[in-house]
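Step one of this worksheet: look at the structure below.
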Amino acid sequence: MNREEYIRLRDLRLAESGLGLEEFCLLSKLAGWHVAIVEHELRNPEWLERLRVAAAEGKKQRAEARARRLSSAIYAALKGGPVAMANTSEAEVLTGLPPKLREFAETFDHAGGSGGCLITGPTGSQKSRGCVATTMRLVRVAFEQHQAKHYGCNFVTDIAWARAIDLANARRQHPLGSEPDTLEKAKDVRLLFLDDLGWEPVTDGTIAEVLAHRYDQGRVTVVTSGTPYPDLAKRYTEAPLRRILEAGGRKGQMISLFPPKPVSVLGGSR
């Protein structure tokens, strides 16, 4: 069958079925029917039913493949952090977050102009969980935008996690003359979630160096710590903490999950 014969047969079948050319092309793409298959199938009286079934299966397979790629991208972003949560749904991670963290998780956007953030709070205040929810949303949005333009092409996230103590240990255990890959990535990735600031040895200057480098490069950093800000300022001085909040000239924010200190009342009742 030459091209003219194929087009005549195709147009005849479309006219008989009432199916538009645009929908036919979309269904054929989903079904994976190239021209040779279409030529063969159009001779079958049940071609339209077969096309719809094949397209539905193709759509299901594409959705499953997309979900696997997104899951892989989220896993890659969380590697170095609470990667065990990578298989938890985004909605489930959001559930039960304190209001401040939920708002942060739903609105923070490093690509849209959000600056760095320092999140402090006691153990169990869900600091890391809130950052996981943020990571999942940011990766999902970037992935969907990428897929809309480059479906099926490899997606590489620009987000990474690291624990402060892990970076310090990685440098200490690495041979002299070069830097560990995890440290290089922490310095240069577009958005870094730096977890548990304050667990690294007091005499270790790795984290201050990472923050200084990221500040100079205008990279956004989100930091969590179980230490209140005044105590962090005493340990690190104000300069490294300002670099978290002022990188790239963007307005940063501090979120404290520590309960407010009780106000002492001088004097007594009369």
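Every number in this text was worked out from the coordinates using simple rules, so none of it is lab data. The model shown is predicted, which means the values in this text are computed figures rather than measured ones. Neighbour counts run over all protein chains shown; Cβ positions are idealised from the backbone, glycine included.
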What spacing in nm lies between the two simple spin-label points modelled at Thr123 and Lys251, each 7 Å away from Cα in the Cβ direction? 3.6
If amide hydrogens are placed 1.01 Å from N in the peptide plane, which non-local residues have theirs closer than 5 Å to the one on Arg163? Asp195
Please list 3J(HN,Hα) in residue order for the range 90-104, calculated via the Karplus relation 6.51 cos²θ - 1.76 cosθ + 1.60 where θ = phi - 60°; whole Hz, with x for glycine and proline. 4, 4, 5, 5, 5, 4, x, 5, x, x, 4, 6, 5, 4, 4
For semi-axes √(5λ) of the Cα gyration tensor in Å, the choices are (1) 42, 24, 16; (2) 28, 24, 20; (3) 54, 22, 15; which was calculated from the structure? (3)
Could you give each residue of the range 154-163 its phi-based ³J(HN,Hα) in whole Hz, using Karplus coefficients 6.51, -1.76, 1.60 with θ = phi - 60°, and x for Gly or Pro? 5, 10, 10, 6, 9, 10, 9, 10, 7, 9
Hey, fewest Cβ within 10 Å first, where do Val38, Val223, Val202 land in order? Val202, Val38, Val223
Rank by packing, highest mean first: peptides 161-172, 94-105, with packing defined as the count of other Cβ atoms within 10 Å averaged across residues. 161-172, 94-105
To make sure I understand the rule: partners must be aspartates and glutamates, Cα under 16 Å from the Cα of Lys234, and not fewer than 8 residues away in the same chain. Which ones qualify? Glu200, Asp204
Using a Cα-Cα cut-off of under 17 Å, which lysines could be cross-linked to Lys149, ignoring same-chain neighbours fewer than 8 residues away? Lys29
Kindly write out, for the range 236-242 in residue order, the coupling ³J(HN,Hα) from the Karplus curve 6.51 cos²θ - 1.76 cosθ + 1.60 (θ = phi - 60°), rounded to whole Hz, with x marking Gly and Pro. 9, 6, 6, 4, x, 6, 5
Above 19 angstrom, tally the Cα pairs of the range 150-270 and express them as a % of all pairs, no decimals. 54
Within a 10 angstrom radius of the beta carbon, how do Phe258, Phe24 rank from fewest other beta carbons to most? Phe258, Phe24
Final fewest-first order of His213, His40 on the 10 Å Cβ neighbour count is His40, His213
Cys117's amide H: which non-local residues (gap 5+, or another chain) put their own amide H closer than 5 Å, with H modeled 1.01 Å from N in plane and none for Pro or chain starts? Thr221, Val222, Val223, Gln253
What is the magnitude of the charge dipole of the chain about its Cα centre, with +1 placed on the Cβ of each Lys and Arg, -1 on the Cβ of each Asp and Glu, and no other charges, expressed in debye to the nearest 20? 660
